[in-house]
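The values are calculated or read from the model by the stated rules, or taken from the named source; none is laboratory data. For clarity, every value in this text was computed on a predicted model and none was experimentally measured. Cβ atoms come from the backbone with ideal geometry, glycine included; neighbour counts cover every protein chain shown. Surface accessibility is based on the protein's heavy atoms, side chains included, excluding ligands, DNA and RNA. Shrake-Rupley method; radii C 1.70, N 1.55, O 1.52, S 1.80 Å.
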Amino acid sequence: MKDKKNLKYLVKQNNYIGLLFFALVLAAILYIIKHETNLYKELEPTTKNISNITTQPKEINKETEKIKELRLYMNDGDLNTFKIYQSMYNIDNEVTIEQLDEETMLYIAYKYLEKTTDFSNNQEYITCQEAEKVNLAQDIIQCGGNKTNITNYTINNHITKDLLNKTITKIFNRHITNYTNFYTSENNLCYYINNEYLCVSQKTNSSQSYAVKEFVRAYEYQDHLEIIEKYYYVNNNIHYQGFNTDKVGEATYISTFKKTNGSYYWNSTKLYNEN
C-alpha cells in the first residue's frame, strides 16, 4: 500500500515539473519575438524620434538673418511720438497680439519699413495743394501762412495704403479694416485721405530717447520660435528696464513668433526669468 501511494506522489510531481518547464520555454520564445524581431526594432526608435521632435527645441545661439528680421517686427518704444503707441517691451505685463489696436499696427508697420528702407530716396517737398489737404497751409509762409518755410515739410512717396497692409500681414498675419491717421514722430503724421496715405514729415531736432536691444539666444520648436533679448530704454541718459517705466537698469524679454504655412508672425512678448 505504501508503494502505491509513493508511486502516485511521484507521478504528480513529474507533471508539475513538466508544466513549469513548458512555461519557461514559452516565456523565452515570447521574449525573443518581442525584442529581436525586425518589426519591434523598427517601431521602437520611430516612437522615440517623434517624442524628441515634439518636446525638445533647437537652441540657437548665433543670430541668423531670419532672427534678425523678426526682431525688426517689434515696437521698441518711442517717447518722441505725440501719441505713445504700445511697445512690446512692458516690464510689468505680457504684451500680446490681441492688445494691439489697428492704429498701433499701422505705426509698427511704418517703423518696420523705416528700419528696412532708405526713405531719403522717396522724399519730396510738400506742395501748397498737399499742405491744404492736411491743414498745414497756414503754417507755411509760401502758402499764405507765417510760421515756417515750405522746405521744412516733405512727403514720403514710398508709403502707401497697400504697402502698409502687406507689411501688417507680414508681421502679424492680420488684415485691418479701420484706416486712421497715425503719428510717426512728435510732429509727423501719416494722413489717410481719399482712400490713400499721405505721410508728411517736418524737420525737427533729433531726440535723445531711444531703445537698445541685444540678441541673447533663440529656441526653435515645430510650431513657433522664441527669441530672447536684453533690452533697455534710454531717456535723458538714464537706462530703464522697459519702455515708459521708471524702473532703472536693463531687463531680459522673450518674444514668441507663431509659425503658419512656413512663415513666422509675432504673437507675444514678456519679461523673461532665467529661473
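Summary of computed values
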{"read-out": "Filter result (open to solvent by 50 Å² or more (accessible area, probe 1.4 Å), assigned to a loop (DSSP other than H, G, I, E, B) and not hydrophobic (A, V, I, L, M, F, W, C)) within region 63-79", "value": "Glu63, Thr64"}
{"read-out": "Residues of region 187-241 satisfying the condition of being part of a loop (DSSP other than H, G, I, E, B) and either small (Gly, Ala, Ser) or closer than 17 Å to Lys111 by Cα (or both)", "value": "Asn187, Asn188, Ser206, Ser207, Ser209"}
{"read-out": "Test for Gln202: is it surrounded by 15 or more Cβ atoms within 10 Å (Cβ to Cβ), modelled with pLDDT under 95 and at negative phi", "value": "yes"}
{"read-out": "Elements of type helices (runs of 4 or more DSSP H) contained in region 100-186, each with 2 or more residues being hydroxyl-bearing (Ser, Thr, Tyr) and at pLDDT below 95", "value": "none"}
{"read-out": "Region 243-275: number of residues that are part of a loop (DSSP other than H, G, I, E, B), closer than 26 Å to Thr64 by Cβ and open to solvent by less than 40 Å² (accessible area, probe 1.4 Å)", "value": "1"}
{"read-out": "Residue list for region 92-118, filter: open to solvent by less than 20 Å² (accessible area, probe 1.4 Å) and either touching a strand residue (DSSP E or B) at 6+ places or on another chain (Cβ under 7 Å) or within 19 Å of Val212 (Cβ to Cβ) (or both)", "value": "Val95, Ile97, Leu106, Tyr107, Ile108, Tyr110, Tyr112"}
{"read-out": "Any hit, region 87-108, residues being of a type in the set (Asp, Glu), out of contact with any Phe, Trp or Tyr (no Cβ under 7 Å at 6 or more places or on another chain) and under 16 Å from Tyr231 (Cβ atoms)", "value": "yes"}
{"read-out": "Of the criteria (1) surrounded by fewer than 18 Cβ atoms within 10 Å (Cβ to Cβ); (2) among the β-branched types (Val, Ile, Thr); (3) under 25 Å from the mean Cα position of the chain (by Cα), which one Thr127 fails", "value": "(3)"}
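A quick yes/no check of all residues on (1) surrounded by 15 or more Cβ atoms within 10 Å (Cβ to Cβ); (2) polar (S, T, N, Q); (3) touching a helix residue (DSSP H, G or I) at 6+ places or on another chain (Cβ under 9 Å):
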site: Ile155; (1), (2), (3): yes, no, yes
site: Asn178; (1), (2), (3): no, yes, yes
site: Phe182; (1), (2), (3): yes, no, yes
site: Asn188; (1), (2), (3): yes, yes, no
site: Ile193; (1), (2), (3): no, no, yes
